[in-house]
Amino acid sequence: MHRVTRYLLLALSVLMLSAPARAADAGKDGQQVDIKTMLFGHIGDSYEWHITKIGDKDIVIPLPVIVHSSTGWHCFMSSKLEDGPYEGLYCAEGGKYDGKIVEKDADGNEVRPFDISITKNVAGLMINSAIVLLLVLGCARWYRKHDVLNEAPTGIAAVIEPVVNFVYDDIIKGSIPEEHCRKYAPYLLAAFFFILVNNLMGIIPVFPGGANTTGNIAVTLVLALCTFVAVNLFANRHYWKDIFWPDVPWWLKVPVPLIPVIELFGIFTKPFALMIRLFANIMAGHAIILSFVSIVFLTVKMGPAINGTMSFVAVFFGIFMDFLELLVAFIQAYVFTMLSAVFIGLAHEGEGGKASES
Amino acid sequence: MPDTGLLFWMLVIFVTVLAVLAKWGFPVITSMVEKRKNYIAESLELAKKVDEKMAALSKEQARIIGEAREEQNKILKEAAEARNNIIRQAQEQARDEAAKLVAEARTQIEAEKESAMSQIRSQVAMLSVNVAEKIIRKTLSEDKERKELVEKMVEESLKLDPPAVKN
């Protein structure tokens, strides 16, 4: 173990020492390193999966572009876009639709076609979903093939089962009334594993990982929407009564329905908070790590001494942030699942009493 | 702003994942885990029951052993008593027998003594009669009174000991 650590430290030191040289390479053309573009390029979405740049050659995985423009459906690989417009479609540079596929309308304005391309994030989502499915279905398969009463879980089941147990016993059973647990458990568990795997894969900087999925608001929006549906679609009478006719002094609700309006807003703000929380946490984490890495390139011009020192500091903090991100990846999945469970539980509040009455 | 394409795909992907996992994934795992949990709980319950039964059994065993020991003690005591009784009875019997034997011997001795005495007495009487006869025979020839004396004597001796005379 000690030997491994020593080798790791040695390798890291070599990397750190060589980092300024590489950075100098990158910046020697005299062009200012555009941190903002780099940062948003990594955090944002793109039509191809950029892996690295060796010399002047970009290593990219082209991804399919699926667009419905004024001329109908277009379906082609993103590599076609590299050499200018293809079938009247091209990537906008600057402007409102920066980096997105646009076409020119009759007036020469750039307009956005209906775009359901398999972008980097979509591909990332697919890969991560495949991982989730593989893990969970692998675990389920183990249970189907083995006698649960005579064997302790092994392999993948031993990894997944404690997590499922933890989520099911601690989060779900703790927040939702017993009789509804079974109904909501699959959604909450799926959300937990989906978010966790996406978060973790987002931390990995190279190909199968690296897509900033849970740090994208569209992804968290769908997740929050699912929670919204889960909460409100099966909510009981008590829940709706608490919204439209809460137990407050009458003058707060009769002439001007003040509290009901606030409560009605609450229905939407709760999932909205879920959406923003997950998105902001993951995106900020990625941004911070990328910023630390950028320090190496930013300090090139300040001379080797400062550059070397700053590189060391930057890599050190980068490693620290990566560990922190591992923690955040889990915490955010946990928080999203727990709050969803709590909201669902609130929508079934007061049911136990009613059941015992009847 | 959330991108439409990504939104669309995310919705499709997540709903698919959710559907697949809700159908073939998590219910299997949770139900199996539940099953095992129940099994463990049942086993624990069973173990507790068996434990209780064992405790009851060992108590019962202890009770039976105690009872047996008591019984044994009782039997031993009874046996000892019986033995003592038998010995005592035997001793008593022996004593009685001995006493009876002694008594019999005594009566026999008494009887022997009696008969011996009466024999001696008759012998003595005979002897004395003989002696007296000899003495009388010697003197009878001289005196007429002698006859009277003899008669008187015979009468006396008859009076004294009629059976001896008869013999």
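Some observations on this one:
- Residue in region A:156-171 that is of a type in the set (D, E, K, R) and either touching a Lys or Arg at 6+ places or on another chain (Cβ under 9 Å) or more than 11 Å from every other protein chain (Cβ to nearest Cβ) (or both) present: yes
- Test result for residue A:236, crowded, with 23+ Cβ neighbours inside 10 Å and in contact (Cβ under 8 Å) with a residue 40 or more places away in the chain: no
- Residues satisfying the criterion are absent from region A:234-253 (criterion: under 24 Å from residue A:220 (Cβ atoms) and polar (S, T, N, Q)).
- Filter pass, residue A:111 being buried (at least 19 other Cβ atoms within 10 Å of the Cβ), modelled with pLDDT under 90 and more than 10 Å from chain B (Cβ to nearest Cβ): no
- Pair list, Cβ under 6 Å, 6 or more apart: region B:125-142 residue modelled with pLDDT under 80, other residue not charged (D, E, K, R): B:136/B:150
- Within region B:21-38, residues that are more than 7 Å from every other protein chain (Cβ to nearest Cβ) reach partners that are charged (D, E, K, R) and surrounded by fewer than 19 Cβ atoms within 10 Å (Cβ to Cβ) with beta carbons closer than 9 Å, at six or more positions or on different chains, in the pairs B:31/A:182.
- Taking the criterion of being within 14 Å of chain B (Cβ to nearest Cβ) and in contact (Cβ under 8 Å) with a residue 12 or more places away in the chain, the residues of region A:60-90 that qualify are A:63, A:64, A:65, A:66, A:67, A:68, A:69, A:74, A:78, A:89.
- Filtered residues of region A:162-176 (kept if in contact (Cβ under 8 Å) with a residue 60 or more places away in the chain and either out of contact with any Cys (no Cβ under 8 Å at 6 or more places or on another chain) or charged (D, E, K, R) (or both)): A:167, A:171, A:174, A:175, A:176
- Selection count, region A:114-146, where residues are in a loop (DSSP other than H, G, I, E, B) and more than 10 Å from chain B (Cβ to nearest Cβ): 0
- Among the residues listed as A:256, A:261, the single one being over 21 Å from residue A:330 (Cβ atoms), over 16 Å from the mean Cα position of the chain (by Cα) and part of a helix (DSSP H, G or I): A:261
- The residue list A:93, A:151 contains one member that is at pLDDT below 85, within 11 Å of chain B (Cβ to nearest Cβ) and either in a loop (DSSP other than H, G, I, E, B) or surrounded by 20 or more Cβ atoms within 10 Å (Cβ to Cβ) (or both), which is A:151.
- Filtered residues of region A:34-65 (kept if out of contact with any helix residue (DSSP H, G or I) (no Cβ under 6 Å at 6 or more places or on another chain) and under 14 Å from residue A:121 (Cα atoms)): A:40, A:41, A:44, A:50, A:51, A:61, A:64
- Qualifying residue in region B:46-68 (condition: over 30 Å from residue A:112 (Cα atoms) and within 14 Å of chain A (Cβ to nearest Cβ)): yes
- Number of positions in region B:12-50 that are closer than 22 Å to residue A:178 by Cβ, among the charged types (D, E, K, R) and modelled with pLDDT of 90 or more: 2
- Condition check for residue A:218: surrounded by 21 or more Cβ atoms within 10 Å (Cβ to Cβ), closer than 30 Å to residue B:28 by Cα and within 14 Å of chain B (Cβ to nearest Cβ): no
- Going through (1) within 14 Å of residue A:340 (Cβ to Cβ); (2) in contact (Cβ under 8 Å) with a residue 12 or more places away in the chain one by one, residue A:222 falls short only on (2).
The values are calculated or read from the model by the stated rules, or taken from the named source; none is laboratory data. Here the structure is a predicted model, which is why all the values come from computation and not from measurement. Note: ideal-geometry Cβ built from the backbone for every residue, glycine included; neighbour counts use all protein chains shown.
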